[in-house]
Every structure is written in structure tokens, then in C-alpha cells.
Amino acid sequence: MKKFYLAMMMSLAAITVMAQEASEPRVTFAYDAGAELVSAYLWRGQYNGGLSFQPDVEIGYDGQHTSLRVGAWASLGATDWKFQKGLEKTEDGNPNTYFLPELDILANFTFFGANVGLTHYQYFVPEAKDNYQTEITVGYNFDDLLSVPLHISWNTIVAGDDFNYDEEGNEKRAYSSYLEIGYDHTFENVGITLGGAIGMSPWTSEFYCNKGFQVVNLSLRLEKEWEFDACSLSLFAQGSVNPSLEEEKPYKHAAGDDKLCAQPINGAIGLGIWF
């Protein structure tokens, strides 16, 4: 009889646990929306423009170890409102340009730390032959299962404005790629996060302004965040060094202006708000 009662109690406990798990949603709808105002648009060791407003929105579903998100990110610089781009080249081979308005459409799926994503970078340059790039991303975030804030990602452009040029000016698709390893550490007592990353371009790319394998980005970011009931605010400073930029290199692709491949040391400060 004791064994019977013990078995009954264990069965009831198991049923209770299963019922609780069933009542708790395994996957929930999620969204992130906000914007940043930055003194300079820095990206993967490149200077892509000056003072910029950068809104961001994502929607999707999140689980404990999985998520599916789609979203959009944009950058509008202080001179982008003119929507102009001069394609006439100057004596040094660089066109006299304005910074370009940019709209990125993205989709990303994560599963136990592994992720695969697709990003479409759109530049509003009506005169350009190819004013976009499409990129695929695969990566892994060790923080998901191992609680180690280390991440690694591989990114390759598969379509759009991404070509290398020979001495005769003939173009060949470059499949420009970028490998990044990053680490973020949060000082819980003060609420400050320090992040560092190293980025590499594995082969010759006009897009990343390198010949052969080169480190193209050494970056640091320091961020302080404040949480409120309706939103969160963040104040941050970031800097990057591109060791591959030893001399000025010619303008070849859509994003940015003639500082893109000629300014190896860059810095910026910014303010963000998120809902």
C-alpha cells in the first residue's frame, strides 16, 4: 500500500510539473524598437559618415534557446537629406560625394547559440549601377549555453555591388567576407559594458580595402545603460583601428565617401533609446 501511495504521489507531481510547463508559453512574441544618434557612422573598421540618426526595429518570436527575428535598420546622416551623389571623379580618383542614406532589411534565426542570417543593404543612389549588397551570416554565441560572452560570426556578400578590379578595369565578383570575434563584459555593480572585437577580411576585397588576408578592424565600445519602466537609455563611446589602411586607396563602391578607405583610426560617441 505504501508503494501504491508513493507511486500515486510521484505521478501527481509529474503531472503537475507537466501542466505548469504546458501553461507557460515556450515561444513568445517579441519586439525591439529604438534609435541611436551617433557622432560618426562606424562599421567594421570603416568610416561611413559623420553625424547620423539610426533607427532600428525588430519583431519575431523568442524561446529559451531559439529565436526568429525580422527587422529593419536605417542610417540618415547630417547631409543625407539632400539625397545627392556626385559621380564625377576628382584628380585623386575619388568622386565628390555626400554620405548615403541607407536602409537594411534583415532576418535572423538562432538555435542554441548558433545563428544564420540574411541582410540586404540598400543605398538610395539612383545614378548607381548597383546600389545594394546582399549578405549572408553564420555565427555562434557562446553565451547561450556556456554563459561565456564570446561570439564569432562569418559574413559574405553574395549579390549587389561587390567587385574586384584588375589593372584593365575588368570586374570580378569578390564575395567579400568578414570574420569577427568579439567579447563583451558587463560590470554589474556599475551597469557598464565593455566590448571588444577583432575583424578580418580573409581575401582581397575592394569593399574592405584589403589585399589578401588582413585584420581590418580592432574595436572597443564602452556603454552605460539606464532602465526605466517605459524605455531604456544608453550612452556609449566607441573607437576602431583598421591596420590594413596604410595609405589612401581609391574609391570603388557605394557606401561612404573618400574617407572610407583612407582613415584608419576612428571614434564616435552616441545616445540610444529603446522601447
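The values are calculated or read from the model by the stated rules, or taken from the named source; none is laboratory data. As the structure is a prediction and not an experimental result, all values here were calculated from the model. Cβ sites come from the backbone with ideal geometry, for glycine too, and all protein chains shown count toward neighbours.
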| field | Whichever residue in segment 47-65 is surrounded by 15 or more Cβ atoms within 10 Å (Cβ to Cβ) and of a type in the set (S, T, N, Q) and, among such residues, is farthest from Leu260 (Cα to Cα) | value | Gln54
| field | Residues that are aromatic (Phe, Trp, Tyr) and under 18 Å from the mean Cα position of the chain (by Cα), drawn from segment 25-78 | value | Tyr31, Tyr41, Trp43, Tyr47, Phe53, Trp73
| remark: When segment 202-217 is checked residue by residue, the ones that are touching a residue at least 40 places away in the same chain (Cβ under 8 Å) and surrounded by 17 or more Cβ atoms within 10 Å (Cβ to Cβ) are Ser205, Glu206, Phe207, Tyr208, Cys209, Val216, Asn217
| query | Which residues, counting only those in segment 135-170, are of a type in the set (Asp, Glu) and either touching a Pro at 6+ places or on another chain (Cβ under 6 Å) or surrounded by 13 or more Cβ atoms within 10 Å (Cβ to Cβ) (or both)? | reply | Glu135, Asp143, Asp144, Asp161, Asp162
| said: So for segment 23-46 (the condition being at pLDDT below 50 and either in a loop (DSSP other than H, G, I, E, B) or touching a Phe, Trp or Tyr at 6+ places or on another chain (Cβ under 8 Å) (or both)), does at least one residue qualify? | reply: yes
| Count - residues of segment 156-188 that are more than 23 Å from the chain's Cα centre (by Cα) and of a type in the set (Asp, Glu) | 5
| field | All positions within segment 171-201 that are of a type in the set (Val, Ile, Thr), surrounded by 15 or more Cβ atoms within 10 Å (Cβ to Cβ) and farther than 22 Å from Leu233 by Cα | value | Ile198
| request: Could you give me the residue pairs with C-beta distances under 6 Å whose first residue belongs to segment 174-187 and is more than 29 Å from Lys211 (Cα to Cα), whose second residue is outside any strand (DSSP E or B) wherever it lies, and which are 6+ apart or on separate chains? | output: Asp184/Pro149
| said: Looking at the structure I just gave you, is Ser176 modelled with pLDDT of 95 or more and within 20 Å of Ala262 (Cα to Cα)? | reply: yes
| field | Members of segment 209-222 that are in a loop (DSSP other than H, G, I, E, B) and not aromatic (Phe, Trp, Tyr) | value | Cys209, Lys211, Gly212
| said: For segment 234-259, give me each residue that is part of a loop (DSSP other than H, G, I, E, B) and at pLDDT 70 or above. | reply: Asn242, Pro243, Ser244, Leu245
| query | Give me the pairs: first residue in segment 61-80 and farther than 16 Å from Tyr41 by Cβ, second residue among the acidic types (Asp, Glu), beta-carbon distance under 6 Å, and six or more apart or on different chains, which are they? | reply | Arg69/Glu58; Gly71/Glu58
| remark: The lone condition Leu12 fails out of (1) in a helix (DSSP H, G or I); (2) modelled with pLDDT of 95 or more is (2)
